[in-house]
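The values are calculated or read from the model by the stated rules, or taken from the named source; none is laboratory data. Keep in mind that what you see is a predicted model, and the values were worked out from it rather than measured. When we count neighbours, we look across all protein chains shown, and the Cβ atoms used for this are built from the backbone with ideal geometry, even at glycine.
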Amino acid sequence: MNEGLTVLAILVGIAHSGIRLATPYLYAAIGETFAQRSGVLNLGVEGIMLMGAYSGFYVVFKTGNLVLGLLTAALVGLVLGLVMAFVSVTLQAQQGISGIGLYMFGLGASSLLFKTTLGTVEGVQGFPEIRMCLSSLGFSSSFCLADIPVFGEIFLGHSILVYGAFALVPVSWWIINKTTWGLKIRAVGQNPQAADTLGVSVAKVRYATVMIGGMLAGVAGASLSISLLNIFQEGMTNGQGFIAVALVYFGSWTPVGVLVGAMLFSLVNAMQLWVQVLGLNLPSDVAVMLPYLLTIIALAFPFKRALQPAALTKPFERGEN
């Protein structure tokens, strides 16, 4: 173990890393929350994240334009969300199978495109850390707020995509719980027959939420390739899309619950990274499997099932009783 690091420094490092690592979980899981609250389960989140990660990275690699790369990833996710909505809502295919098909497509397509357009792992200048230095605000001092002990070291010095992910939590909570459209989403997910009777278009609501979920999954992938890691490689999401789906269950289909779950998972992930950095006497394979073990444990509790939308995974046909 590195004796030069104090316990406080290690805890601060874990907390800082945990906030960063929560970013893709939050984007993907909150997007999936919208979809599931309307009754559609999208297991293709992982594949959409991979396509978002590749497309965003490739555009930045070729143009150097980070905003264009992010918009491209969001657009790719939106299109794949549209495909998922068409298959699940219009064709009424079994959602679990169609989602796995979308995952396989994203995995294969991103790998093929990577090999044909890049061929090897490359790097880009991703979204920079926002350190909030006084010199950039017109002051003569070069002191940065991100250097404030503990608070600044944990909560400041992240990229705009990290802050965007956390800002998405209250925004999505407000949309779902305080707006007319949010009421329609909840009604469609709970009782689509009753919502249809009241004049709500079940298909339109489900299309919109699944497409939003796809768009945010694309952004989640881009947050990896052009913000957190600044590279693209095959299979780089490493199961994070599936964990994001699990986080929706863990968080009881609420943005705040998803936030709690995302932070728990990311802190465990950060902890396993620090275990390896510090050279602790713990097999690396055991450390790597900790987040996935936590996923299994979280999904083993049956009390969460009573809170899920009643119409989740159930296709809707007008006129059904």
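Just checking, does the range 209-220 include any residue being more than 10 Å from residue 53 (Cα to Cα) and free of Cβ contacts under 8 Å to residues at least 12 places away in the same chain?
no
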(request) Tell me, yes or no, whether the range 242-259 has at least one residue that is in contact with a helix residue (DSSP H, G or I) (Cβ under 8 Å, 6 or more places away or on another chain), free of Cβ contacts under 8 Å to residues at least 24 places away in the same chain and under 22 Å from residue 36 (Cα atoms). (result) yes
(request) State yes or no: is residue 31 among the small types (Gly, Ala, Ser) and within 26 Å of residue 256 (Cβ to Cβ)? (result) yes
(request) Among the numbered conditions (1) in contact (Cβ under 8 Å) with a residue 40 or more places away in the chain; (2) over 15 Å from the mean Cα position of the chain (by Cα), tell me where residue 67 comes up short. (result) (1)
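Hey, among the residues in the range 213-230 that are of a type in the set (A, V, I, L, M) and buried (at least 23 other Cβ atoms within 10 Å of the Cβ), which one's farthest from the chain's Cα centre (by Cα)? Quick ask: steps written out before the conclusion?
Of the residues in the range 213-230, the ones of a type in the set (A, V, I, L, M) are 215-217, 219-220, 222, 224, 226, 228-229.
Right, trim to buried (at least 23 other Cβ atoms within 10 Å of the Cβ) and you get 215-217, 219-220, 222, 224, 226.
Working: 215: 10, 216: 7, 217: 6, 219: 8, 220: 5, 222: 10, 224: 10, 226: 14 Å.
Here the answer is 226.
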(request) Identify the residue in the range 194-212 that is under 22 Å from residue 84 (Cα atoms) and surrounded by fewer than 21 Cβ atoms within 10 Å (Cβ to Cβ) and, among all such residues, is nearest to the chain's Cα centre (by Cα). (result) 208
(request) Among the residues of the range 159-193, write down those that are surrounded by 12 or more Cβ atoms within 10 Å (Cβ to Cβ), among the polar types (S, T, N, Q) and either over 23 Å from residue 28 (Cβ atoms) or in contact with a helix residue (DSSP H, G or I) (Cβ under 6 Å, 6 or more places away or on another chain) (or both). (result) 159, 172, 190, 191, 193
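Out of the residues in the range 159-192 that are of a type in the set (Phe, Trp, Tyr) and over 26 Å from residue 67 (Cβ atoms), state the one that is farthest from the chain's Cα centre (by Cα).
Result: 181.
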(message) Suppose the filter is surrounded by fewer than 17 Cβ atoms within 10 Å (Cβ to Cβ), modelled with pLDDT of 75 or more, part of a loop (DSSP other than H, G, I, E, B) and at negative phi; does residue 234 pass it?
(response) yes
(message) I'm trying to understand the selection: among the residues of the range 136-193, which are part of a helix (DSSP H, G or I), at pLDDT below 95 and of a type in the set (Val, Ile, Thr)?
(response) 154
